[in-house]
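These notes concern the structure reproduced below.
The values are calculated or read from the model by the stated rules, or taken from the named source; none is laboratory data. Being a predicted model, the structure only gives us computed values, none of them experimental. Reconstructed Cβ throughout: ideal geometry from the backbone, glycine too, with neighbour counts over all protein chains shown. In case anyone asks, the SASA skips ligands and DNA or RNA and just uses the protein heavy atoms, side chains included. Shrake-Rupley method; radii C 1.70, N 1.55, O 1.52, S 1.80 Å.
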Amino acid sequence: MTHDHDLVLRPTAAQTEAALNPPPGRNGGDLVVETLAGLGATTVFGLPGQHALGMFDALRRSDLRYIGLRVENNAGFAADAYGRITGEAAPLLLSTGPGALTSLAALQEARAASAPVLAISSQVPTAGLGGGRHGYLHELPDQAASFRGVVKSVHTVRTQSQIPSAIAEAWTSALTVPHGPVWVEIPQDVLLAETAVPVVTGGDTFPEELPPRPELTAVAADLLSRAERPAIIAGGGVVRADASKKLRQLAERLQAPVVTTFGGKGAFPWTHPLSLQSWLEDRHTTDFLEDADVLLVVGSGLGELSSNYHTFRPRGRVIQIEADLGKLESNHPALGIHADARLALQALLETVGERTDPAAPERVRAVLDKVRERIASQELTLEQDVLAAVRRALPPGALSFWDMTILAYWAWSAFDAEAPNAMHSAQGAGGLGYGFPAALGAAVADPTHPVLAVSGDGGALYSIAELATARQYDLNVTWLIVDDGGYGILREYMTDAFGQPTATELTRPDYVALAESFGVPGVRTSPETLEADLAKALAAPGPSVVVLPAVLRMFAPTHLD
């Protein structure tokens, strides 16, 4: 008797020939790049270093496209964006010790945003593993320990024969929901030594799906079908799972208003009659969601930003669909469904009853009217005009990547992303420097559309070196730098809390002249000319910089009331 699990894939004639007669001069680094190519990778990001030279030498014998950035953290942000846009595990090649550690902030953002990044780092020679202090350059007592609390999984290789399986295992981990970054480390001597391991010709991996438990979706469908005032919070898990269409179908069947989290921008159409948009930092929205008798939370852990800074107190029944088990019911008691958002929404669509509620769109309009009235009372015309100018300047299909800056905080709540997976920011981990290098990674992933990066001058200084990367690869990224002479949001926070700011003011360069020194066109704009200048820059091929000198203010928070 033959069972399915007894079947194996027989090698093709070409694979057999490659295995029996490998080309000369291969080393452990070749096993890395061959495995990546076999898994379907076409592009890798990174930065070379002494211990990693075996990997980088092998790149010239492969068909992989290499995108080299100037700082490891920026390379991590670029890989993060590439993974978000393509849905593939983005390889990130790094060296040992300082090079590896410099990527940590980017990997934290990738973990928070569920971006699939496959980081492959070198290590000290094998003899130095195990915590002894041998004095190798870049040596850490336990390099993997520095990453274990940040990434999804850690894989340490000790022999060349382990390389293909370790990378394939890590690849599967990165692409198993919830997606995320993974870490592989390979000693220098293993990468450099000539190898007798045959050419890696296969590499299919099959990330496990995460379907919902049917008894839980049955209860959820019953609750939603009988609800009088259902509502939905859609998080980044909807976008990562490519489940936006299913979300819209369910919302329309239930006549349930939908608000998207900042990580879930674009998961639901902005102008839909049931759209509460993204006004989560607003008490009117919070009150509306608290009043729902059944609240469906899809792909969100209801963390600090998604809960109006933990002031949200739901009074009705909560149903939470979440692929990250650690986030399930972590903030609010719920009917917790551990599942991929797409599969769970499909299960609900197959079982939920149809509701009629002609008043639902009217209730949505009433909330949005209250939000608009609150914002209008604060004399923030400049901020709204600038954000509107950015929206109008962006052509259809353009992607945008936002750093941690006041204009981005406005965009979280007030910007129409127009499509799922089109707007991204560093709101997952909240670190500076994300916008521009992430936009570069997105431009590599999709060279057919222009990409916008938005930074403040403080965040821009984290990424200036990558102007050289943008020019070297001629990437279609327009970088909008809002120059207010400091860390604007921290200036506001400190002034509100202490009466005056400290350590927030910056001496900054002439960003236009600086861009031009890299061979990147730059222009200084104004709020009145921003739309035209930005549209012109986005329409031109290659990189460009648009500098807007302006001091923007945030709208008043409601969680402190």
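For a paramagnetic label modelled at 7 Å from the Cα of Thr159 toward its Cβ, which residues of the stretch 173-194 fall within the zone defined by backbone nitrogen distances under 15 Å? Of the residues in the stretch 173-194, 187, 190-191 have backbone N under 15 Å from the label point off Thr159. Over the stretch 371-453, the pair-distance histogram of Cα-Cα distances with 10 Å bins from zero comes to 17, 48, 28, 6, 0 percent, rounded to whole numbers. On the chain, 53 percent of the accessible area sits on carbon and sulfur atoms, based on a 1.4 Å probe.
Equivalent-ellipsoid semi-axes for the stretch 108-218 (Cα gyration tensor, √(5λ), whole Å, largest first): 31, 19, 10. Within the stretch 432-536, all pairs of alpha-carbon atoms sorted by distance into 10 Å bins from zero give the percentages 14, 42, 30, 11, 2. Taking a ≥ b ≥ c as the square roots of the eigenvalues of the alpha carbon gyration tensor, the stretch 212-276 is oblate, as a/c is not under 1.5 and a/b does not beat b/c. Each Lys and Arg contributes +1 and each Asp and Glu -1, all at the Cβ; summed about the Cα centre of the chain, the dipole is approximately 200 debye.
Positive-end ranking of Ala388, Tyr493, Leu345 along the dipole of the chain, with charges on Cβ about the Cα centre, is headed by Leu345. With a ≥ b ≥ c the root eigenvalues of the C-alpha gyration tensor of the chain, is it rounded (a/c under 1.5), prolate (a/b larger than b/c) or oblate? It is oblate, given that a/c is not under 1.5 and a/b is not larger than b/c. Placing a label point 7 Å from the Cα of Val219 along the Cα-to-Cβ line, the residues of the stretch 334-368 whose backbone N sits under 15 Å from it are 334-339.
For the set Leu452, Leu514, Leu137, solvent exposure ranked by accessible area (probe 1.4 Å, protein chains only) runs largest to smallest as Leu137, Leu514, Leu452.
Take the stretch 281-419, drop everything but the C-alpha atoms, weight them equally and run the Debye formula without solvent; then report log10 I(q)/I(0) at 0.09, 0.11, 0.21 Å⁻¹ to two decimals. Scattering profile of the stretch 281-419, log10 relative to I(0): -0.37, -0.56, -1.36. Taking a ≥ b ≥ c as the square roots of the Cα gyration tensor eigenvalues, the stretch 304-380 comes out oblate, since a/c reaches at least 1.5 and a/b does not exceed b/c. Take the stretch 217-334 with all the other protein chains still there, run a 1.4 Å probe, and you get 34 Å² of accessible area per residue. The listed residues Val154, Val33, once ranked by accessible area (1.4 Å probe) with the largest placed first, stand as Val154, Val33.
222 nm [θ] for the chain, helices only, -39500 (n - 2.57) per DSSP H run of 4+, per residue, to 500?
Details: 23 runs with 216 residues, N = 561.
It lands at -11000 deg cm²/dmol.
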